[in-house]
Structure formats: structure tokens, C-alpha cells
1. What 222 nm value per residue comes from the helices of the chain, counting each DSSP H run with n ≥ 4 as -39,500 (n - 2.57) and dividing by all residues, nearest 500 deg cm²/dmol?
2. For E75 and L36, what is the calculated FRET efficiency with R₀ set at 25 Å and r taken between the beta-carbons, to the nearest 0.05?
3. Accessible area per residue, 1.4 Å probe, Å², for the chain: what's the number?
4. So what's the projected area for the chain, the Cα convex hull averaged over all directions, in nm²?
5. Provide Y4, Y59 ordered by accessible surface of protein heavy atoms (probe 1.4 Å), highest first.
6. Round to a whole number: what % of the accessible area of the range 6-75 belongs to carbon and sulfur, probe 1.4 Å?
7. Describe numerically, in nm with one decimal, the distance between label points set 7 Å from Cα along Cα→Cβ at D21 and at E65.
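The values are calculated or read from the model by the stated rules, or taken from the named source; none is laboratory data. All figures in this text were calculated on a predicted structure; none of them were measured in a lab. Using ideal geometry, Cβ is built from the backbone for each residue, glycine included, and neighbour counts are taken over all protein chains shown. Remember, those area values only see protein heavy atoms, side chains included, never the ligands or the DNA or RNA. Shrake-Rupley method; radii C 1.70, N 1.55, O 1.52, S 1.80 Å.
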Amino acid sequence: MLDYPFDTQLLIEGEDLSEDDIHDYIQAHIPGDCLLAVGDESLVKIHFHTNVPWAVLEYCASLGEIHDIVVENMERQSNGLSG
């Protein structure tokens, strides 16, 4: 059993984005692990394992347009199931 089974990935498109600020906010306010926030001032890619993927989506949507959203249940994958 995984502590944080939902692999959450997305792109944030906006202006004056800071990958460091985004990383620090998620790390401080949303429980999870394996956080990556990479990009530049106009596009940031997020990868994060969490139990509350909706919190990640809500925060990121407050920063700009979100695209290419993927939320996968890694426990289902490890059991040979999809989705």
C-alpha cells in the first residue's frame, strides 16, 4: 500500500510563474511526495504523488491555465488494473 497513491501531473501556463514558489507552496500545504516543479515564467510542469489531487489542481488553476492533466491511481496500476 502506497502512502500517496495518486500520481498527479499537469502543465500550468501563465505569466510570471516561479517554479520555486510553486514547489515550496505545494510542499508546505499539500501532503505528498516525489514533487517536481520544472519550467519557466510561462510554463511549469508539475509531477506529485498525493492523496488529494484535487488540491493540487485547485492551487495550480489559481496560477493560470492548466493543461494535460493526468491523475493515475498507482495502486491500481501495481495490481494490473488501469485507471
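1. Working: 3 runs with 25 residues, N = 83.
Calculated at 222 nm, the ellipticity per residue is -8000 deg cm²/dmol.
2. Working: r = 21 Å, r/R0 = 0.82.
Efficiency, from the Cβ-Cβ distance: 0.75.
3. Details: 5100 Å² over 83 residues.
Accessible area per residue, the chain: 61 Å².
4. Details: hull surface 20.0 nm².
Approximately 5.0 nm², given one-decimal rounding.
5. Working: Y4 65, Y59 35 Å².
So, going from the largest accessible area down, we get Y4, Y59.
6. Values: 1960 of 3910 Å².
In the range 6-75, the share of accessible area belonging to carbon and sulfur is 50 percent.
7. Reported label-point gap for D21 and E65 is 2.0 nm.
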